[in-house]
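As structure tokens, the structure follows; a few thoughts come after it.
The values are calculated or read from the model by the stated rules, or taken from the named source; none is laboratory data. The structure presented is a predicted model; accordingly, all values stated were derived computationally and were not measured. Protein only, heavy atoms only, side chains kept; ligands, DNA and RNA dropped before computing areas. Shrake-Rupley method; radii C 1.70, N 1.55, O 1.52, S 1.80 Å.
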Amino acid sequence: MDSGALGYDGGSSSYYKAGGSSYDDGSWAITRFLRNEVFDSQKLVGNLNVLYGAGVFAGAVYFVEKYGELLIQ
């Protein structure tokens, strides 16, 4: 099996992204995702908009489940 297909750089213990840069921090993939995509200051406004939309949707579903019969005459 070709070790390059697995993301191994051929001798050192670091792995690389599709772009070729290596991960030197040794963190887990989920922590890198949370740090780079969720808690990044440049993406925070968009993430808060998604959270707000999900909250409004969940509130609407709860309202219809609880008081849906009052809406029908």
Exercise for the section: Could you identify the single residue in G20, G10 that is open to solvent by less than 70 Å² (accessible area, probe 1.4 Å), modelled with pLDDT under 90 and within 24 Å of the chain's Cα centre (by Cα)? Expected result: G20
Problem - Residue satisfying all of: in the range 49-73; closer than 30 Å to F39 by Cα and among the β-branched types (V, I, T); most open to solvent (accessible area, probe 1.4 Å) among these - result: V50
